[in-house]
Structure formats: structure tokens, C-alpha cells
1. Every residue in region 60-81 that is in a helix (DSSP H, G or I) and within 10 Å of the chain's Cα centre (by Cα), please.
2. Quick one: how many residues across region 89-101 are assigned to a helix (DSSP H, G or I), surrounded by fewer than 18 Cβ atoms within 10 Å (Cβ to Cβ) and modelled with pLDDT under 95?
């Protein structure tokens, strides 16, 4: 299944990792389980279930807390839910982790 980003087609199909490798073993997730969480969160966004997407992105971030793409995607989902401060916090974290990530440019 193709990878989806709620930020548009430019990121679809690209690797999920942004800065660090998957740290899932430290957090009880295998790489496959991590990838499944990411896929589920992307699918939740596709169907408009942003609450589920935020929850799933949060789970994935526990396994890879240095992943700017996950913060960026969770930020967009939070914005759709009207959680403006949380969305801003995640956008700032994504920018901090990778200032060159195109989705966090001003």
C-alpha cells in the first residue's frame, strides 16, 4: 500500500524516517510494528479520523522520538482537531529536529 502524508503527494511513498533510525526495540515495538503504526495513522488521516491519527502518531513517536515527519504529520492532524497549541508545539519540534524539512519552512 502506498504511503500517505496529509501534507500532499510530494511526501507520499518516501521513507518515514527523518533524522534517526527506528528505536522501536527500546520501546517494545519491532520495526514492522512501528511501520504498521505509521501506516495506520496515515490511513486514519485519509478517512478523516484525526483523533485516531493523533493517538497512532503518538504511539509511533514513542518508538522514534526523533522523527520530524511524525511530528509534522501529528501537528497537521491536531490542527484539523482545533488543537492549535499542540499543533504549534509539534510543528516547532519538527523544525527543531530538522530545520531543512520542507514542511516546517516559513
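The values are calculated or read from the model by the stated rules, or taken from the named source; none is laboratory data. Computed from a predicted model, the values in this text were never measured in an experiment. For neighbour counting, all protein chains shown are included, and Cβ atoms are generated from backbone atoms with ideal geometry for every residue, glycine included.
1. Of region 60-81, the ones in a helix (DSSP H, G or I) are 60-63, 68-80.
The answer is 60, 61, 68, 69, 70, 71, 72, 73, 74, 75, 76, 77.
2. Of the residues in region 89-101, 2 are assigned to a helix (DSSP H, G or I), surrounded by fewer than 18 Cβ atoms within 10 Å (Cβ to Cβ) and modelled with pLDDT under 95.
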